[in-house]
Structure formats: C-alpha cells, structure tokens
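Values quoted throughout were computed directly from the atomic coordinates according to the rules given, and no laboratory measurement underlies them. As the structure is a computational prediction, the values presented were derived from the model and not from experiment. Positions of Cβ are backbone-derived with ideal geometry, glycine not excepted, and every protein chain shown enters the neighbour counts.
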Amino acid sequence: MEKLKIGVIGTGHMGRNHVRNLSDEKQFNLIGVYDKNADQAKKIADEFETAAYSDPEALLKDVEAVVVAVPSSLHKETGLMVAEHGVHALIEKPLALNSTDAKEIADAFRKKDLILAVGHIERFNPVILELKKLVNRRDIFYIEAHRYSPFTGSGRITDTSVVEDLMIHDIDLICHLMEPHRVLSINGLGENIRSDHIDFATCTLQFSEDVHATINASRVSQEKERTISVHMLDSCITADLLLRTLTIAKNTDVVFHGNRADSIRQEGVVEKIFVPSEEPLRRELLSFYQSVTERRPASVDGDAGIRAIRICEEVVQKIRELPGKTQTGNGGASL
C-alpha cells in the first residue's frame, strides 16, 4: 500500500480531529503540523507523536498532500500557497469567504494539475451515503431540509450569517442529490434574532418546473435538528443526521379481506433503517487519499465548493433585498 505523506495546517478543533484520524489510518504518513500558534502546534504534535513545524512552507516541502483547517479568512492565502508548492489539498469548508476567491483557489490547483477537495463533511455522513443509494433522482419532486441549533452565545455565533455557517451544508447536499440538474432560481427569507447577522433563514431552490427544495437553517432554535426529507413519486425518505436513521414511508392503499365486514385498509407502510455509525471525517480523508493516489477528481471538488458559496451569496442577497433590510445587490443566474 502506498503511504501518502501528509501534513495539517491549522490545529484548532477541526484540525486536531484531522490529525487524530490521520495518525490512526495506515494509508497516511503524518509528517507534521503547523499552526500560527506555535504552542498549540507543539501540543497537538506531541499528543499524536508527529513534528511541529514553525514555517508552513517548510512543511509543504516535506509532504505530498495537506489538510488546511485554518480560519476561513485565511483559506485563500493558505490555499494559493499550497498550490504554488505543488501539493494536493483538502481545504475545510467553505472553500473561501466569497465565490471570487474560491474560484481563484480552484483555478490555481487546476493549473498545477493538483487534487483539490473541499471539506463538506456531511457528504460522508453514513446516512447521506445510504440516502443517495435509495433515491431515484428522476422521481424526486420536492426536498425539504431542516438544520437547527440552539443559541449558545459565542459558541455558535460567528462573524457570518447562518446561511454561510449552517445552511451551506444542506445546499451542498441537495445540489449533490439533484446532480446533474442545476439550480435555476433562488429565493431567500431571513431574520436577525440574536446577532448582527442573519440567524434564521429559509431558502428555496428551483431545479426545474416541477422540482424544488426548501432549506431552513437556524442557530437560535430551542433544540437541535438535522433532517432531510426527499419526496418522490412512490415514497418519502427522511434522513435524520443526528439519530443516524432513515425512515421510508410508502403509500400502499392495500385492502385485506376486501368484501368482509372486518376488512382492513392499509394506507401506507413505514420502514425505519438504522445506519451503522462511522466517523464521516474518516471517510472524507480516505476518499481524499483515493483521489490523490489514483489521480481521480475529489468527491467534493473545487467546482462543488464554488457552487455552494455562490448559492449562499445569492440567498443572503435575496434576504438583504427584502423590505426593511439593508443593502441591495444583483439577481442571480443558473448555478
């Protein structure tokens, strides 16, 4: 088995999780880590028995691939540096703070013929992987997603809106389920509840005349919820990403003992499937390994990362154009 020499740039919460998984998987040779906070980098390096680098460029000279888990505001700077050194990369979502910067990053990797993967980790949730197998895209007429989190002060609220913070996950998932169809139109509603940014938002994505999706995202709700319901001609499948279950509802309209007084009409059946638990991050990293070693496009590539950001930008713009909201902007196009 070919071991991939890999490093991690950024050793915060997500970066540490990447280091933990990389140190456990035999496919990887974890060369070292870098963080602007040298003490943090050394702490993580010591914990997982690897090297702490004082210079990111020195790390890039020693590896074939790298995970970028720095703050989103540093993705462009770091991503371009990685591409310049000819190193494959998995960059955490969002790929950049805006679609222009995201495209510049993707173009830099494409120009160097390098693999670029974007860390939309929900794609690798075992429930989503099973859902993808069960749905028939041609029969889908409606998708509904809910992603709600309670308000936790500084723990969840960031310097961006709930659209870029949470909704982006389901935007990517729904576009993935609907491929190769593209989004034709976008609408958005939203409110500032407990911060200076949009805390609760709803968007509608129209894929064709008879297929659309509604996505609700909140970081000010009372309970956590992460569900996606796919409505098809003969069934509705609901994926619960927290409980790791799939619920399949079908309309049967079957009559037992048809002509008897005690006849029974079965209007529908419901089947619940419990999906075996597996850490999505591990699957994501192994998928990245296969892309690099087999020289095939990443499961979530730069174009997918750009698409998600562009839709988020359009949703936020639509919300800002609502009466009583500040700032206006341009309308959208097919994405």
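Taking the Cβ-Cβ separation of residue 13 and residue 55 as r and a Förster radius of 30 Å, what is the calculated FRET efficiency to the nearest 0.05? Show your work: numbers first, answer last.
Working: r = 23 Å, r/R0 = 0.77.
My answer for the efficiency is 0.85.
Apply the Karplus curve 6.51 cos²θ - 1.76 cosθ + 1.60, θ = phi - 60°, to the phi angles in the range 61-76 and return the couplings in whole Hz, x for Gly and Pro.
6, 9, 10, 9, 8, 8, 9, 9, 10, 8, x, 4, 5, 9, 4, 5
What do you get for the angle between helix 13-24 and the principal long axis of the chain? Use alpha-carbon atoms, 0 to 90 degrees, nearest ten.
It is inclined by approximately 80 degrees.
Label residue 84 and residue 137 with points 7 Å out from Cα along Cα→Cβ: what is the distance between them in nm?
Each label point is offset 7 Å from its Cα along the Cβ direction, giving 3.8 nm.
Could you state the principal axis extents of the C-alpha atoms in the range 1-142, from the largest down, to the nearest angstrom?
53, 33, 29
Just check the range 137-253 against the gyration tensor rule for me: Cα atoms, a ≥ b ≥ c as the square roots of the eigenvalues, rounded for a/c under 1.5, and otherwise prolate or oblate depending on whether a/b exceeds b/c. Before the final figure, lay out the partial values.
Details: a/c = 2.63, a/b = 1.57, b/c = 1.67.
Oblate, because a/c is 1.5 or more while a/b does not exceed b/c.
Under 20 Å from the 7 Å Cα→Cβ point of residue 282, by amide nitrogen: which residues of the range 99-135?
Hits in the range 99-135 for residue 282 at 20 Å: 119-131.
Using the structure shown, select from 224/272; 43/132; 42/76; 103/133 the pairs with a Cα to Cα distance greater than 32 angstrom.
Details: 224/272 20 Å; 43/132 39 Å; 42/76 25 Å; 103/133 30 Å.
Where the Cα-Cα span goes over 32 Å, the pairs concerned are 43/132.
Most mobile of 313, 225, 25 per a Gaussian network model of the chain (Cα springs, under 10 Å)?
Checking each option, the largest mean-square fluctuation is seen for 25.
If each of residue 112 and residue 208 carries a label point 7 Å out from its Cα toward its Cβ, how far apart are those two points in nm?
Result: 4.0 nm between the two label points.
How many nm separate the modelled label positions at residue 77 and residue 187, each set 7 Å beyond the Cα in the direction of the Cβ?
4.2 nm
What dipole magnitude, in Debye to the nearest 20, does the chain give about its Cα centre under +1 on Lys/Arg Cβ and -1 on Asp/Glu Cβ? Spell out each step's value before the answer.
Numbers: 41 positive and 51 negative charges, 59 e Å.
Charge dipole of the chain: 280 debye, to the nearest 20.
Over the chain, what is the percentage of antiparallel beta bridges among all DSSP beta bridges, to the nearest 5? Walk me through the intermediate numbers first.
Numbers: 44 of 73 bridges.
Of all bridge pairs located within the chain, approximately 60 percent are antiparallel.
So what is the calculated 222 nm ellipticity per residue for the chain, using -39500 (n - 2.57) for each DSSP H run with n of 4 or more, over all residues, to the nearest 500 deg cm²/dmol?
Values: 9 runs with 106 residues, N = 335.
Rounded to the nearest 500, it is -10000 deg cm²/dmol.
Against the longest principal axis of the chain, how steep is helix 302-320, in degrees 0 to 90 to the nearest 10, with axes from Cα atoms?
Approximately 60 degrees, to the nearest ten.
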